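Notes follow the structure.
The values are calculated or read from the model by the stated rules, or taken from the named source; none is laboratory data. Because the structure is a prediction, the values reported are computed rather than measured. Cβ atoms come from the backbone with ideal geometry, glycine included; neighbour counts cover every protein chain shown. Just so you know, the surface numbers come from the protein's heavy atoms only, side chains and all, with ligands and any DNA or RNA stripped out. Shrake-Rupley method; radii C 1.70, N 1.55, O 1.52, S 1.80 Å.
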Amino acid sequence: MGNPVVQFQIVSAAPEETAGFYASLFGWTVDANNPMGYRQIDTGSKAGIQGGIWPAPPHAPSFVQLFIGVADVKSSVAQAVELGAKVIIPPTVLPEGEEMAVLHDPQGMSFAVWQPA
Amino acid sequence: MWGKCGAISRPNPCESAAAPVRLGEVFRQRLNVEFATRRQTNPRYSLRAFAAFLQTDHSTLSKVMQGNRRATVKQIRGMGKKLGMSPEEIAVHLAAEHVPDASTARRQARLRRWTAEALAVVGGAEHWEILRLCRAPGFRKDCRWIAAQTGVGVDQVNLALTRLLRLGLIDGRWHAQTALAELTEAEFRKLALARVRQKAAEDHIEFAKTKG
């Protein structure tokens, strides 16, 4: 199965403006009609990956995260911690059954592990 | 003038990922490279001669070159001019003196982040409201529903939810921790701030281990 990058996420201090900017620039469609109110990006292409937009905490800069698909979030988190990663958001089950966790790699870069429902 | 640096093989300190240094160090490096280059041409060339050329005191110059003292604005302007730097290049070195080093910048960013986290807990009633809703019968795991119940936007709900998760105040299934069931709002806020402090302290220890 491997562990593909399944999604990019723009963490933005101004998510609505960010959605408007990329929609205008690239014709991406952004749909937040889901239980998380998550701004899901459809790039309009089957090439590459799809993405989403998440609000940045106050005083945090905007940045991009990659979501890596895994078979088991909890064991991936445990393995990442063994390799020096730090858990930012522990494994969490989302409203539609997917499970995810957010970590910092040993260099402090944020990424997420994601398991489909 | 930078072409002369080629005579002495030195990495650019600003581009060293392994050991980030203060940007102002580049001026010190520049002086050392210039001095070394002159000594390559004339092995008897002394620090006194170099100081005389730069129209500065040799003891001060020695301290600046060894990194024991920062060059003042006046010294950077004077020495830079003598080294043939353009006004633009001198301006860059002057600006570099005022930029905090990488370690200080990261420490400041951490402090800002944890202070913002604490302020969000103090100022955001939605945290307590979400926790209250999580415990209530009929709770719906739907941020739009939570937003409607709490009277804040979905983004604010999502930020509060992730904060509660980060602080271990709700679990991965969005259930409030059992121990919190009896807390009042004031007690909850006190506990949440204590968790922020604990996380900040852990972060500080980690930062100190990695030296920024």
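Details
- Residues within the range A:76-87 that are in contact with a helix residue (DSSP H, G or I) (Cβ under 7 Å, 6 or more places away or on another chain) and either open to solvent by 60 Å² or more (accessible area, probe 1.4 Å) or small (Gly, Ala, Ser) (or both), tallied: 0
- Test: residue in the range A:88-102 that is open to solvent by 60 Å² or more (accessible area, probe 1.4 Å), touching a residue at least 40 places away in the same chain (Cβ under 8 Å) and at the interface with chain B (Cβ under 10 Å from one of its Cβ atoms): yes
- Residue check, A:Val73 open to solvent by 40 Å² or more (accessible area, probe 1.4 Å) and either under 22 Å from B:Asp142 (Cα atoms) or β-branched (Val, Ile, Thr) (or both): no
Results for (1) within 19 Å of B:Ala186 (Cβ to Cβ); (2) crowded, with 20+ Cβ neighbours inside 10 Å; (3) modelled with pLDDT under 90; (4) under 24 Å from the mean Cα position of the chain (by Cα), shown as yes or no for each residue.
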residue	(1), (2), (3), (4)
B:Arg107	no, no, yes, yes
B:Arg110	no, no, yes, yes
B:Ile130	yes, yes, no, no
B:Pro137	no, no, yes, no
B:Arg144	no, no, no, no
B:Gln149	no, no, no, no
B:Val152	no, no, no, no
B:Asp155	no, yes, no, no
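- Total residues in the range B:113-127 satisfying the condition of being more than 9 Å from chain A (Cβ to nearest Cβ) and surrounded by fewer than 21 Cβ atoms within 10 Å (Cβ to Cβ): the figure is 6.
- Enumerated strands (runs of 3 or more DSSP E) restricted to the range A:11-117, each holding at least 1 residues that are small (Gly, Ala, Ser): A:50-55, A:63-69, A:99-104, A:110-115
- Residue check, A:Gly108 within 14 Å of chain B (Cβ to nearest Cβ), out of contact with any Cys (no Cβ under 7 Å at 6 or more places or on another chain), crowded, with 16+ Cβ neighbours inside 10 Å and of a type outside the set (A, V, I, L, M): no
- Residue list for the range B:149-161, restricted to those being assigned to a helix (DSSP H, G or I) and away from chain A (no Cβ under 11 Å): B:Gln149, B:Thr150
- Selection within the range B:170-186: residues that are touching a strand residue (DSSP E or B) at 6+ places or on another chain (Cβ under 7 Å) and within 12 Å of chain A (Cβ to nearest Cβ). The member of this set that is farthest from A:Pro58 (Cα to Cα) is B:Arg173.
- The range A:27-56 residues that are within 14 Å of another protein chain (Cβ to nearest Cβ) and in contact (Cβ under 8 Å) with a residue 60 or more places away in the chain, paired with ones that are among the basic types (Lys, Arg) and open to solvent by less than 60 Å² (accessible area, probe 1.4 Å) (beta carbon under 8 Å, 6 or more apart): A:Pro35/B:Lys141
- Any hit, the range B:81-103, residues being within 14 Å of chain A (Cβ to nearest Cβ) and either of a type outside the set (Gly, Ala, Ser) or surrounded by 14 or more Cβ atoms within 10 Å (Cβ to Cβ) (or both): yes
- So A:Pro15, is it at pLDDT below 95, surrounded by 13 or more Cβ atoms within 10 Å (Cβ to Cβ) and under 25 Å from B:Leu119 (Cβ atoms): no
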